[in-house]
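Q: Can you keep this structure in mind? I'll have questions shortly.
The values are calculated or read from the model by the stated rules, or taken from the named source; none is laboratory data. If you're wondering where the values come from, they're calculated on a predicted model, not measured in any experiment. Here the Cβ positions follow ideal geometry from the backbone for every residue, glycine too, while neighbour counts run over all protein chains shown.
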Amino acid sequence: MLIAQNLSKHYPSAQGWIKSLDEMDLEVKAGEFLAIRGHSGSGKTTLLLTLGAMLRPSSGRVVFEGQDMYQCSSQQRAAWRAEQIGFVFQMFHLMPYLSVLDNLCLHGRAKAGSTQRADTLLDTLNLKHRVNHLPHQLSAGERQRVAMARAMMASPKLILADEPTGNLDPRHATEVCEHLRKFRDSGGTVILVTHGELASSFADRTIFLEQGRLLETVEGHAQTAP
Ligand SMILES: Nc1ncnc2c1ncn2[C@@H]1O[C@H](COP(=O)(O)OP(=O)(O)O)[C@@H](O)[C@H]1O
Ligand SMILES: [Mg+2]
């Protein structure tokens, strides 16, 4: 589904070039839950942004379903992001003055069926009682579930999650991983980057990242969600 070939991203600095990604190869299959683990500064966010067609690599290719993402026009990349990918971030990034429902419908309230789709997702993510609340009235775990519902609004094929459990206690972190696992069980693909180990027990495969290079791979022992 998604292939990265010889992917590098270098940033200039006073001390020379920082190799954020260093000639990396990666292949992600449709329907896979991939966890990528690494310490802070190992290149996780850079990798996710590059895979998500948001950050042009210094060299190498990102190919999604046969399309070379950085050979496309920026409009094609924007359309691809809007239609195919959902993003989830450590800091949630919800609109603070909008209700849960309006956060979900922000980019498509006028579209037929969007309120109904939001209702269904909020039900699935155990947030039905929070529809009219503002983000600050929710717990951190609930906020992240809202962010996940928002990521799923356009029925993406792929969810890219950057440290989605980084601000959560273990119980809420587990819930978030369980919901990502359910998304994968319903046919979606997940790429999650993290410095923690929790997500690995939900993933099909874990890869370790160090100084912009992929190290060993561990096949997951994840169970299909009940
Ligand atoms: N926009 C940027 N300009 C310069 N250096 C950057 C930039 N973004 C990331 N880096 C550097 O690239 C390396 C990897 O960063 P990042 O991908 O954010 O790692 P992680 O998400 O694993 O913490 C770090 O050394 C970071 O300082
Ligand atoms: Mg990061």
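Q: Regarding region 4-26, can at least one residue be identified that is under 24 Å from GLU83 (Cα atoms), among the hydrophobic types (A, V, I, L, M, F, W, C) and within 15 Å of the chain's Cα centre (by Cα)?
A: no
Q: In this structure, is ARG61 farther than 27 Å from GLU142 by Cα, away from ligand 2 (no atom under 16 Å from the Cβ), assigned to a loop (DSSP other than H, G, I, E, B) and of a type in the set (D, E, K, R)?
A: Considered against the rule, which asks whether it is farther than 27 Å from GLU142 by Cα, away from ligand 2 (no atom under 16 Å from the Cβ), assigned to a loop (DSSP other than H, G, I, E, B) and of a type in the set (D, E, K, R), ARG61 comes out as no.
Q: Considering every residue within region 209-217, establish whether at least one is out of contact with any strand residue (DSSP E or B) (no Cβ under 9 Å at 6 or more places or on another chain) and of a type in the set (Ser, Thr, Tyr).
A: Applying the first criterion (out of contact with any strand residue (DSSP E or B) (no Cβ under 9 Å at 6 or more places or on another chain)) to region 209-217 yields 210.
So of that shortlist, the ones also of a type in the set (Ser, Thr, Tyr) come out as none.
No, the conditions are met nowhere in region 209-217.
Q: Being among the β-branched types (Val, Ile, Thr) and near ligand 2 (Cβ under 10 Å from one of its atoms) is true for just one of THR46, THR50. Which residue is that?
A: THR46
Q: Follow-up. Quick one: which of GLY31, GLY38 is away from ligand 1 (no atom under 12 Å from the Cβ), closer than 20 Å to THR206 by Cα and in contact with a helix residue (DSSP H, G or I) (Cβ under 8 Å, 6 or more places away or on another chain)? Walk me through how you get there before you give the answer.
A: On the way: GLY38 fails: away from ligand 1 (no atom under 12 Å from the Cβ).
Being away from ligand 1 (no atom under 12 Å from the Cβ), closer than 20 Å to THR206 by Cα and in contact with a helix residue (DSSP H, G or I) (Cβ under 8 Å, 6 or more places away or on another chain) holds for just one of GLY31, GLY38, which is GLY31.
Q: Which count do you get for residues in region 138-170 that are within 18 Å of LEU198 (Cβ to Cβ) and in a strand (DSSP E or B)?
A: Residues flagged as within 18 Å of LEU198 (Cβ to Cβ) and in a strand (DSSP E or B) within region 138-170 amount to 4.
Q: Mind listing just one residue for me: the one in region 195-212 that is touching a Ser or Thr at 6+ places or on another chain (Cβ under 9 Å) and among the charged types (D, E, K, R) and, of those, farthest from ligand 1 (Cβ to nearest atom)?
A: Applying the filter and picking the extreme gives ARG205.
Q: Hey, could you check region 177-194 for residues that are more than 16 Å from ligand 1 (Cβ to nearest atom) and within 15 Å of LEU26 (Cα to Cα) and say which is farthest from the chain's Cα centre (by Cα)?
A: Going residue by residue through region 177-194, those that are more than 16 Å from ligand 1 (Cβ to nearest atom) are 177-190.
Those left that are additionally within 15 Å of LEU26 (Cα to Cα): 189-190.
Details: THR189: 10, VAL190: 7 Å.
Checking each candidate, the answer is THR189.
Q: Of the numbered conditions (1) closer than 21 Å to LYS9 by Cα; (2) out of contact with any Phe, Trp or Tyr (no Cβ under 9 Å at 6 or more places or on another chain); (3) in a loop (DSSP other than H, G, I, E, B), PHE87 satisfies every one except a single condition; which is it?
A: Unmet condition: (3).
Q: Which of the numbered conditions does ALA78 fail, given that it passes all the others? Conditions: (1) in a strand (DSSP E or B); (2) surrounded by fewer than 14 Cβ atoms within 10 Å (Cβ to Cβ); (3) more than 16 Å from ligand 1 (Cβ to nearest atom).
A: Among (1) in a strand (DSSP E or B); (2) surrounded by fewer than 14 Cβ atoms within 10 Å (Cβ to Cβ); (3) more than 16 Å from ligand 1 (Cβ to nearest atom), the lone unmet condition for ALA78 is (1).
Q: Further question: Give me the residue from region 1-56 that is loosely packed, with under 15 Cβ neighbours inside 10 Å and either aromatic (Phe, Trp, Tyr) or part of a helix (DSSP H, G or I) (or both) and, out of that set, modelled with the highest pLDDT. Walk me through it before giving the result.
A: Quick first cut of region 1-56, residues loosely packed, with under 15 Cβ neighbours inside 10 Å only: 6, 11-17, 23, 25, 27, 29-30, 39-41, 56.
This time we only want the ones that are either aromatic (Phe, Trp, Tyr) or part of a helix (DSSP H, G or I) (or both), so: 11, 17.
On the way: TYR11: 94, TRP17: 91.
Taking the candidates together, the pick is TYR11.
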